[in-house]
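I have placed the structure first, in the form of structure tokens, so that the comments after it can refer back to it.
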């Protein structure tokens, strides 16, 4: 789960990492007050969880509080759209912070390397640009340091990595200390990524985390209740955000065939069968075990929020989830919405006969197997 920039900087400051002074607000007057307190030379940043904020017009520098407030008034409530996020996100909060004179920019991160199945530290002298671009154009500029899961990192390993990254002497000692603090924060806060880009070296020789991105392991969120309100904001898609608020496992896939199944395995099978039949799945949605009618209704509503959906495939095997409950939920959802797309359902398991009777006479087309259901929905959706 991604954190907002202001939350990321607050987390780093908690562990002693130097960050620019600043505060978050939701109003233009709040921005004015913060800017005045900081002396007028400030940067105003939209607090939305999307890439390309600057190019989208969400970041701007100012030399006085009045201009900062005017920009904040214009920015709050605006939908920012970027290449990374074409659907855009509404700006509800802004960060007003002090500007930094930067003599040199570096890159620093701690993250999970899934191939190595270990945490690693990445350091580069080429900060201020996308690390993927650096990796492509100058891979030798990135130094990787593996964190031993049992022993962590020793000081000499960190010093050696900083030296190999060609960090100059005036910044090397501070960089070593920053790495130690980042690794500590990463482990204690259950993060799966902490990125500082850039790490700014000021003209007077101080290292500061000028920008920061932090992602928390979603499996550990029960230990971090302070981020409950942020969990839905961290979704890259508006429907995914709504699914998080409803507690439903949903991932947008960009296709046209809506998928609703119970259990991750059955959902994945549904995706595969739709692909094999020549269709493109619109989503992954696991209704979960023991789902009642109201939850099933909520799941159908989520799928139909996607304007690209041309058909809906329902694949339910009733073990814990009773088929008649699923059938009730589907019909209830359809009775409250103007459903104009074809729907094919394959249902099996507990109370299957009762479920099939409930669906009789409705617009839902029955299928005996998942393969048959996938072929039918693809044929109908793309007709």
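Restricting attention to segment 238-381, close to 20% of DSSP beta bridges with both partner residues there are antiparallel. Summarising the strand pairing of the chain, around 75 percent of its internal DSSP beta bridges are antiparallel. Sorted ascending by nearby beta carbons within 10 Å, beginning with the fewest, 184, 45 become 184, 45. Taking the Cα atoms only, what angle lies between the long axis of helix 264-276 and the longest principal axis of the chain, rounded to 10 degrees? Taking Cα atoms only, the helix is inclined about 80 degrees.
Ordering 132-142, 19-29, 257-267 by mean Cβ neighbour count within 10 Å, with the highest value first, yields 257-267, 19-29, 132-142.
Going by the alpha-carbon gyration tensor, a ≥ b ≥ c the square roots of its eigenvalues, is segment 5-78 rounded (a/c under 1.5) or, if a/c is not under 1.5, prolate (a/b greater than b/c) versus oblate? Since a/c reaches 1.5 but b/c is at least a/b, the shape of segment 5-78 is classed as oblate. Ordering 268, 1, 337 from the fewest to the most neighbouring beta carbons within 10 Å gives 337, 268, 1. Helix 293-304 and the longest principal axis of the Cα set of the chain meet at an angle near 70°.
For the chain, the relative contact order is 13 percent, taking Cα pairs closer than 8 Å that sit 6 or more residues apart in sequence and dividing their mean separation by the residue count. Does segment 238-381 classify as rounded, prolate or oblate by the C-alpha gyration tensor (a ≥ b ≥ c root eigenvalues; a/c under 1.5 gives rounded; else a/b over b/c gives prolate, otherwise oblate)? Rounded, since a/c falls under 1.5.
Taking the C-alpha atoms only, the angle from helix 28-37 to the longest principal axis of the chain is near 20 degrees. Based on alpha carbons, the Rg and Dmax found for the chain are 25.2, 78 Å.
Binning the C-alpha pair distances of segment 104-229 at 5 Å intervals from 0 yields a P(r) profile of 2, 10, 21, 23, 20, 13, 7, 3, 0 %, listed from the shortest bin outward. Highest-first packing order for the peptide set 30-38, 356-364 is 30-38, 356-364, based on the mean count of other beta carbon atoms within 10 Å.
Every number in this text was worked out from the coordinates using simple rules, so none of it is lab data. Being a predicted model, the structure only gives us computed values, none of them experimental. So basically every Cβ, Gly included, is an ideal-geometry build from the backbone, and we count neighbours across all protein chains shown.
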